[in-house]
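The block underneath contains the structure these notes are about, expressed in C-alpha cells.
The values are calculated or read from the model by the stated rules, or taken from the named source; none is laboratory data. Treat the numbers as computed from the prediction; the structure is a model and nothing was measured. Cβ coordinates were reconstructed from backbone atoms using ideal geometry, including for glycine residues, and neighbour counts include every protein chain displayed. These area figures cover heavy atoms from the full protein model, side chains too; ligands, DNA and RNA do not enter into them. Shrake-Rupley method; radii C 1.70, N 1.55, O 1.52, S 1.80 Å.
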Amino acid sequence: MDAKDPLAAKRAEFYLPENTIYLDGNSLGPMTHAAKDRVNAVMTQQWGDDLITSWNKHQWIDLPEIVGEKIAPIIGAGPGQVICCDSVSINLFKVISAALSLNPSRHKVLSQNDNFPTDLYMTQGLENLLGREKCQLVTTKEEDILDSLDESIAVLMLTQVNFRTGRIHDIQSITEKAHQLGILVIWDLAHSAGAIPVKVDEWGVDFAVGCGYKYFNGGPGAPAFVYVAEKHLAALEQPLSGWMGHASPFEFSPDYEKPPSIKQFLCGTPGVVSMSVLDASLDLFTDINIEMIREKSLALTDLFIELVNQEESLNQLEIITPLEHDERGSQIAYCHDDAYAICQALIAEGVIADFRAPNILRFGFSPLFLRYADIEKSVELLIDVVSEKRYDSEQFRSRKAVT
Ligand SMILES: *Cc1c(COP(=O)(O)O)cnc(C)c1O
C-alpha cells in the first residue's frame, strides 16, 4: 500500500523524530522543513536586516490575505472570503456576533451540547455581554439537531467533525434545512480543514472558522482562519473593530470605518512569525487535492480498525467512531476506563496518540506523513501495551497539565 501511495513523497517534507509514530497530527501537526526555513528567513533577512521596511518589502501587511487565499481552495471557497487571523475562539466571537447582526429579530444560537467547549464558552461570553434577550445559547444532543431547528433560532453553530468521536455532520443537508427556516449557519472546521473535502461556497455556508495548527501544520498556536460568504460582507457588523480591520488603517482616523472586504475581520497586528510558518506549510497542499488526502485517510483508518478488530485482547477498547465512511472523520476514538494510562504507555513506546476526558483514547491520521506501515506498527505496540498491561503503573496514571 505504501508503494502505491500517491502521497508517499510528502513525508519527506516533514521533520519527524526517529522511532516515533505520530498519531496526533489532528491536534498539532508536525514541523515541516519549509516552516523551519521560513522562520530562519523571517528572523534574519526580514526582521533582522530589513526591520520595519519588511511590512512592505516582504508583504507582512498582506499575509492575512495571502494565507487566507491559500486556505480558500482547500475548503471550497472562492476568492475574497477567507482571511487568516487570531485564534478559532476569537474568530467565533466575531462570526457569532456578525451572524446575530444579520438576523436581528431572533436571538437564539443553537449548538450541540458536546460541541468543542470553546465554541460554547464564546457564545456564553457573548450572552453575558449582550444579555439574554440579544443572545441566548441553546444546546441539544447531536441526534436532535434537525428536530430542534425552528423559526425562533437565529444561528446554528456546529463543528463538522466531533473532536471526541470523529463523527461527521452532513454540512450540506443541515445548512439547507437551516436556511429554509431563516437560520444562518456557522461551521467550525477545526478537525476537518486539510483532511476532509469541504465545499463552503457550494453548500451555501454563511460563516466558517478553522484551525492553523492541526491538519495545516502551521505550528503551535498558529493563527486560525475565518470564512464569510461574500453576500454577507456588506451588511454584517462585528464588534472587534480593530485598526487592522479599518478601511484605511494608515490614515489613523478617529472613527472606525469598515472595509467592504473580508479584511473587516482583522483586528490587531498579525503575529508575523507564526503566520509565516503557516504560510510556508500550506504550500504542501498546492500540488495535491483534498480528495487524495481523504482517500488515504479512509484507507489508514480502515486498516487501523481492521487490525484492532483482529486482536482479541483489544476487545476491551470500545470504538465510538462511526464505521461508515461518510460519517467518519480522520480520527478514531476508543473508550476504555484506563484510556489515560494506555495513552501515556503508548507514548513511552513511541506512539503518540492523545487522551480526551473522561475515558477516550484518540488516534489522529494525517495522510501527508503517515505510512501504512506506521499503522501496522502502532497497532502491534497497542497490543503489547494492552495485553501485557504495560500501562498499569503509577508513572502512566498520574495526570499531566496538558492531556
Ligand atoms: C482545536 C479546536 C479549536 C481551537 O480553538 P483555538 O481558539 O484556536 O484554541 C476550536 N474548535 C474546535 C472544534 C477545535 O477542535
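The single residue among G48, G29 that is open to solvent by less than 60 Å² (accessible area, probe 1.4 Å) and under 15 Å from A280 (Cβ atoms) turns out to be G29. Of the residues in region 157-184, how many are of a type in the set (A, V, I, L, M) and more than 15 Å from the ligand (Cβ to nearest atom)? Count: 5. Could you tell me how many of the residues in region 1-35 are in a helix (DSSP H, G or I) and of a type in the set (S, T, N, Q)? Residues in region 1-35 being in a helix (DSSP H, G or I) and of a type in the set (S, T, N, Q): 0 in total. Counting the residues of region 55-104 that are within 20 Å of the chain's Cα centre (by Cα), more than 27 Å from I288 (Cα to Cα) and not charged (D, E, K, R) gives 7.
Considering (1) in contact with a Leu (Cβ under 8 Å, 6 or more places away or on another chain); (2) within 16 Å of the ligand (Cβ to nearest atom), the lone condition that R11 does not fulfil carries the number (2). If you filter region 197-210 down to residues that are away from the ligand (no atom under 11 Å from the Cβ) and surrounded by 23 or more Cβ atoms within 10 Å (Cβ to Cβ), you find that the one that is nearest to the chain's Cα centre (by Cα) is A208. For region 211-231, a tally of residues being more than 16 Å from the ligand (Cβ to nearest atom) and either closer than 26 Å to V39 by Cβ or open to solvent by 20 Å² or more (accessible area, probe 1.4 Å) (or both) returns 2.
Considering region 97-143, and only residues there that are within 13 Å of the ligand (Cβ to nearest atom) and of a type outside the set (S, T, N, Q), the residue that is least open to solvent (accessible area, probe 1.4 Å) turns out to be D119. Scanning region 334-353 for residues that are among the acidic types (D, E) and open to solvent by less than 10 Å² (accessible area, probe 1.4 Å) yields nothing. Annotation note: of S274, S253, the sole residue that is open to solvent by 10 Å² or more (accessible area, probe 1.4 Å), assigned to a loop (DSSP other than H, G, I, E, B) and of a type in the set (S, T, N, Q) is S253. Within region 16-30, the residues that satisfy the criterion of being touching a strand residue (DSSP E or B) at 6+ places or on another chain (Cβ under 7 Å) and of a type outside the set (D, E) are L16, T20, I21, Y22, L23, G25, N26, S27, P30.
Checking each residue in region 296-333 for being touching a helix residue (DSSP H, G or I) at 6+ places or on another chain (Cβ under 8 Å), open to solvent by less than 70 Å² (accessible area, probe 1.4 Å), closer than 24 Å to E388 by Cβ and touching a residue at least 24 places away in the same chain (Cβ under 8 Å) picks out L303, F304, L307, V308, E311, S313, L314, L317, I332.
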